[in-house]
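Bear in mind that the values in this text are calculations on the coordinates, not laboratory data. Only a predicted model underlies this, so the values are computations on that prediction, with no experimental measurement involved. Cβ placement follows ideal geometry from the backbone for every residue including glycine, while neighbour counts extend to all protein chains displayed.
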Amino acid sequence: MNLGFLASGRGTNMQAIIDACREGRLQASPVIVISNNAGSGALERANSEGIVACHLSSATHPDLIQLDRAMTETLLSHHVDLVILAGYMKKIGYQMLDAFRGRIINIHPSLLPKYGGTGMYGMKVHAAVIAAGETETGVTIHVVDRDYDQGPILAQRVIPVETGDTPESLAARVLDTEHAIYVDTLDKLISGEIRLPHV
């Protein structure tokens, strides 16, 4: 299975998946990384791993329809089977959604449907969880559709919120779990234990 990544930042989830592929724990090949941030850590990681690294954004394609087309065609030209969002901070375009229907997956740092949707990302999620007095949070892997964080859920893992947690301390524990559950879920998708729904 050929994996294509979309990432905006450091790319730590992406690196965890790449490492699992390199070590033989995932029967998949990371073939391309696309970032909307020319200076992202994700592109640096791709370059160091010998994976095609591509910057595509409003800076390269000011017209959003053309950007969507360029991203879709780039993924298709690299024979990508599954598109993995790894901290990608932009909405997926309709052309990509159609070309890869049911084959784009994302990770979210909460137990969806709680603390999802527009504006809920990164530290904002963890701050909201703590402010609400939640005793547990978690990680969700889901299929991407046209609405933020609304696609079918593939896997979830619960993480306790500890007394005295700050958004930063909670984020660190959640991130460790993200790395593990993303690799585990991909392994189950590849083996057929989890099946992608038709979206």
Check: How about Lys124: which lysines have a C-alpha closer than 28 Å to its C-alpha, ignoring those fewer than 8 places off in the same chain?
Finding: Lys90, Lys91, Lys114
Next item on the list: Specify the residue with the greatest mean-square fluctuation among Ile51, Ile107, Ile141, computed from a Gaussian network of the chain linking alpha-carbon atoms under 10 Å apart.
Entry: Ile51
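For the chain, what does -39500 (n - 2.57) per DSSP helix run (n ≥ 4), summed and divided by total residues, give at 222 nm, in deg cm²/dmol to the nearest 500?
Using -39500 (n - 2.57) per qualifying helix, the result is -11500 deg cm²/dmol.
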Item checked: Relative contact order (percent, whole number), the chain, Cα cutoff 8 Å, 6+ residue spacing -> 20 percent
Margin query: Could you list Thr72, Thr137 so that the one with the fewest beta carbons within 10 Å of its beta carbon is first and the one with the most is last?
Written below: Thr72, Thr137
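Please compute the contact order of region 106-199 in relative form: average sequence separation of alpha-carbon pairs under 8 Å and at least six residues apart, divided by the residue count, as a percent.
Result for region 106-199 is 29 percent.
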